[in-house]
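First comes the structure, then the notes that go with it.
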Amino acid sequence: MKIILNNTNKDLVDKVIENGGKRVTECFQCGMCASGCPVASDTDHKIKRTMHQVLLGLDEQILDKKAIWLCTTCFMCLERCPQNAGPTDVVIALRRMSAEKGIIPEAQIEVANNIYHLGHAVTVKKGISLREKVDAPPLTTAGSDKKYIDEIQKIVDSTHAVKLLKIRKEWKPKGDDVIACD
Ligand code: SF4
Ligand code: SF4
């Protein structure tokens, strides 16, 4: 990739620091973070590269890409980083900045809406009916009582998340039949 430094965003490092990636400038590009990252094999845009691109001010190279959304926030990179440069914090900062620009993948919007309306990232209806079928005791979860959902909504409504995560007041979850243990 050819990098034209005149076209870079010189304020990117400051914005990342402001959004929580406070130690980004400590990165010396050793690559230890990418060596332990569980999603590194799913992308060419590995965490080491993301750190480098922040330092170079290549915001368009980062914010338009899906790599920052693949991160599971497992913090393995943080554990391995000899500089304590906080790569996970940098990813989270970049997500905030990306969402501010309205760039957020549909899958994340779906998860956010599921949490807002159901109390769960995925639908659990099928799991509940399976428990009923085998006479297993009902589970108390964040989604099992409307009062919990109301609390979740109250918290979310008091933040910028409604706008950033594109929370819709009318929401029909996809995949009612899908549960994690299927
Ligand atoms: S974030 Fe840490 S582990 Fe990753 S390249 Fe930079 S210094 Fe190395
Ligand atoms: S926190 Fe994200 S970038 Fe870091 S190792 Fe985990 S998945 Fe990879």
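Here are some notes:
- In this simple spin-label model, placing a label point 7 Å from the Cα along the Cα-to-Cβ direction at both D145 and T72 gives a separation of 3.3 nm.
- For the chain, built as a Gaussian network whose Cα springs stay under 10 Å, the top-fluctuating residue of P105, P138, P87: P138
- Taking the charge dipole of the chain about its Cα centre, with +1 at Lys and Arg Cβ atoms and -1 at Asp and Glu Cβ atoms, the residue from I47, P138, I115 reaching farthest to the positive side is I47.
- Annotation for the range 15-78 versus the range 90-121: alpha-carbon center distance of 18 Å.
- Simple spin-label estimate for V122 and E18 gives 3.8 nm between the two label positions (7 Å along the Cα-to-Cβ direction from each Cα).
- Here the chain is treated with +1 on each Lys and Arg Cβ and -1 on each Asp and Glu Cβ, and its dipole about the Cα centre works out to around 180 debye.
- Restricting the range 1-75 to chymotrypsin sites (Phe, Trp or Tyr not before Pro) that sit in a DSSP loop and have at most 15 other Cβ atoms within 10 Å of their own Cβ leaves F28, F75.
- Helix 146-157 axis, angle to the chain major axis (alpha carbon atoms, nearest 10°): 20 degrees
- A full extension of the chain between Q108 and F28 corresponds to an added length of 25.7 nm, given 0.36 nm per residue minus the alpha carbon distance.
- Between S158 and L130, the modelled label-to-label distance comes to 3.6 nm, taking each label 7 Å out from Cα in the direction of the beta carbon.
- Per the Cα gyration tensor, the chain maps to an equivalent ellipsoid with semi-axes of 37, 19, 14 Å, ordered largest to smallest.
- Working note: Cα gyration tensor of the range 106-164, eigenvalues times five, square-rooted, sorted largest first, giving semi-axes of 26, 14, 5 Å.
- Greater than 21 Å apart at Cα, pairs in K101/K146; K147/K169; K66/K154: K101/K146; K66/K154
- Debye intensity ratio I(q)/I(0), log10, the range 8-100, q values 0.11, 0.25 Å⁻¹ (C-alpha model): -0.24, -1.43
- Between helix 47-56 and the chain: long-axis angle, C-alpha atoms, 0 to 90°, nearest 10: 50 degrees
Rule-based calculations on the coordinates, nothing more; no lab input. Because the structure is predicted, anything quoted here is derived from the model rather than measured. Heads up, the Cβs are rebuilt from the backbone with ideal geometry, glycines too, and the neighbour counts pull from every protein chain shown.
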